[in-house]
1. So which residues in the range 220-235 are more than 16 Å from G420 (Cβ to Cβ) and either open to solvent by 10 Å² or more (accessible area, probe 1.4 Å) or out of contact with any strand residue (DSSP E or B) (no Cβ under 6 Å at 6 or more places or on another chain) (or both), if there are any at all?
2. All but one of (1) touching a Gly at 6+ places or on another chain (Cβ under 9 Å); (2) open to solvent by less than 10 Å² (accessible area, probe 1.4 Å); (3) more than 28 Å from F34 (Cα to Cα) hold for V383; state the number of the condition that does not hold.
3. Just to be sure before I move on: is R248 more than 20 Å from G445 (Cβ to Cβ), in contact with a strand residue (DSSP E or B) (Cβ under 8 Å, 6 or more places away or on another chain) and either part of a helix (DSSP H, G or I) or basic (K, R) (or both) in the structure I sent?
4. Name the pairs whose Cβ atoms lie under 6 Å apart, with the first residue in the range 93-114 and under 13 Å from I150 (Cβ atoms), the second open to solvent by 40 Å² or more (accessible area, probe 1.4 Å) and assigned to a helix (DSSP H, G or I), and 6 or more positions between them or separate chains?
5. Please count how many residues of the range 465-501 are of a type in the set (D, E), open to solvent by 10 Å² or more (accessible area, probe 1.4 Å) and assigned to a loop (DSSP other than H, G, I, E, B).
6. Hey, among the residues in the range 368-380 that are open to solvent by less than 40 Å² (accessible area, probe 1.4 Å) and touching a Leu at 6+ places or on another chain (Cβ under 7 Å), which one's nearest to G270 (Cα to Cα)?
7. Working only within the range 99-141, note down all residues that are in a strand (DSSP E or B) and of a type in the set (F, W, Y).
8. Name the one entry in V436, V455 that is in contact (Cβ under 8 Å) with a residue 12 or more places away in the chain and open to solvent by less than 10 Å² (accessible area, probe 1.4 Å).
Amino acid sequence: MHRNTLSAVAAAVTLLAASATPATAAATPPDSFFGGKLPLSAPPVTTTVAPGVTLTSMSLGAKDAGDYWTVHVYLPATIDGPLNTAATALGTRQIADRVAEAVRQKGFEPRVEEVATAAFADRPAGTLGWIVRTGRYATSAEAATALSAIRAAGFAGGTRYTAQDGADPGAPQKVHLLRVDFRQFRGTVGTDFGAALNGTEKLTDLAAAAGAVAGINAQWFYNSAPGGMYVKDGKLIGSATQGRAGIRITKGGRAVDVDTYTAHVTLRAGRDSAEIDGVNRVPGEIWNCGGVGGDLPTEKPQHDLKCTDASELVLFTPEWGTPPAGAGAEAVLDARGAVTAVNASRGSAVPAGGSVVQAIGDSAAWLLEHAKAGERLKVSERVEDGRGRRVALTPDTTILQVGPSLVRDGRVAVNAAADGVIREGNDQTFTYNWTVRANPRSMIGMDSRGRLMLVVVDGRQDGYSEGLGVAQTAELMKLLGAREAMNLDGGGSSVMVTSGGGIVNRPSDAAGQRSLGNVILVRP
């Protein structure tokens, strides 16, 4: 529901103006979510974490007595599909009406509601679909009891809290903003991971081991490894999701740029060559899609979707750990690229300073034919930005491909379709749950004064902090003063720590902070 935006006290506005360069109401479109100003419900609290590093915690909005729990009835994918095994959260108006009538005939009072999407840079605002709900309950327990009755009546569904629908600018939010002012801070900002890429670690452990001033979660992770292009200290150690947004960090965090990135890695054997499909990931599994060479069902980015390819070459570096074992072939290379072994199965360790090229499917036959013990194989790579310009991978370069982009050159710029956070096809359940609805979010950016920004918004905690949709996250970053900003992994992964305060926010998982694929650390 829509509430009147809560006005901030004068002291809070003055404090934010001193620490940020927020957009003014006049510069904000009249249909913007927050109406051009932050709905502060209390003065922000700013503390100094280290010289040049400050943490500002803000409370936005407030719990509304009109928010409630409800039962969300799932819809079948087709008009005549079975109702008891329906699995889509929303669908066409025709399907929603059919389900609503069936719910009504069982003695419940359904509501058919429209779900709209905000305007994105590459997609206009419009109707995403229609949902069916029934009941209004004060607690999640009451909604769960009602859900049991709905299921017993032959329907599928779940429970929802309406303040987390992503449509309420006055919903309660807890926002934590870490700013790094390099005019005073003499340290660096970069990334880190545990003993190997193929494994996860908690942020608190990684931050403590590095003696970090502060830190935040970074990329998504699949099969216990970061997903998306990952360049660390100038070395490409993670596969690209071709054309997806990423953030390039240079000069120890003093320069930040949001762009789209592609990577092409080539394996050359004499006069012959083949494109390497991936770097440091399980062969045949392309999480978030956006790969090369015939991936199915698409080569376009699709967030949280696993595409597949039965014929692949995948490069493993020492950072990965032990490569996966299985059918196929592999070539083991020393630090000079000389082949030390060729095997008709996979699973050899990566030699120090060397690499292993694994192959599956038809690519295995190519590798066995072209890799000869004692001869050299040359691996070359080219990373390009959104304009097709080669990106120099200097020792000072870090690239994290996450997304979507949020703010570019001081303007909200979310390429939701190109970044794959709008699902292809008719089933828009993912788009609804991940992009439209409120979730915990983590972000990175830089303001107009050259200060790095690390931000966490808590979510999925009714009455405390509901979280934000993607469009609202972008607007929040702009209001906080970001000139460049990008979305990081979120949900239960959203966590921020400082050396003196430990975990700053409230991670949404019941067990607390998750183990992560990689992190961003502020080091002294």
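1. In the first step, residues of the range 220-235 are kept if they are more than 16 Å from G420 (Cβ to Cβ); the result is 221, 223-226, 230-235.
Within the range 220-235, F221, N223, S224, A225, P226, K232, D233, G234, K235 meet the criteria.
2. It fails just one condition, (1).
3. When the stated conditions are applied, R248 does not pass them.
4. P110/R104
5. The total comes to 1.
6. L377
7. The answer is F120, W130, Y137.
8. V455
The values are calculated or read from the model by the stated rules, or taken from the named source; none is laboratory data. Not measured: the values here are computed from a predicted model. Methodologically, a virtual Cβ is constructed for each residue, glycine included, from the backbone with ideal geometry; neighbour enumeration extends over all protein chains shown. With ligands, DNA and RNA removed, areas are computed over all heavy atoms of the protein, side chains included. Shrake-Rupley method; radii C 1.70, N 1.55, O 1.52, S 1.80 Å.
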